[in-house]
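Right, one structure below, let's go through it.
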Amino acid sequence: MANKRAYKPKPAYQTKTALERIRKLFKEAASAFKEDKKLSNRYVSLARKIAMKYKVKIPSPLKKRFCKHCYSYLKPSVNCRVRLQKEKVVYYCLKCKKFMRFPYKNKLL
Ligand SMILES: [Zn+2]
């Protein structure tokens, strides 16, 4: 891959705190969801901003908690539908009516 712009990775302690903050924000989002869905969406966008700023990946279990199209916090059976389909978990966002697919096939086997 061409790397024209020099990029210094952020120090490990920073990415570590960034991840901790992301996890915390998702926890907050989960607890806020019942009372204020907009607030949980705000937590999701904050978590995404932190992830982008520190170039950390949002942990995969957390990636399933929000819609990758409209970034709203998803709660299965409340605002998203979860179905299994050919070795994939399919999340259907009821807000923007789009699908997300997560393969669950174990690649190690
Ligand atoms: Zn959506």
Search result, residues across region 82-105 that are closer than 19 Å to Ala29 by Cβ and more than 14 Å from the chain's Cα centre (by Cα): Val82, Leu94, Lys95, Cys96
Residue in region 13-31 that is more than 19 Å from the chain's Cα centre (by Cα), more than 21 Å from Lys95 (Cβ to Cβ) and modelled with pLDDT under 95 present: yes
Flag if Arg65 is at pLDDT 95 or above, of a type in the set (Lys, Arg) and farther than 23 Å from Val89 by Cβ: no
Helices (runs of 4 or more DSSP H) contained entirely in the chain, each with at least 1 residues that are free of Cβ contacts under 8 Å to residues at least 12 places away in the same chain, surrounded by 11 or more Cβ atoms within 10 Å (Cβ to Cβ) and away from the ligand (no atom under 16 Å from the Cβ): 12-33, 37-53
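The values are calculated or read from the model by the stated rules, or taken from the named source; none is laboratory data. Given the structure is predicted, the values throughout are model-derived calculations rather than measurements. Using ideal geometry, Cβ is built from the backbone for each residue, glycine included, and neighbour counts are taken over all protein chains shown.
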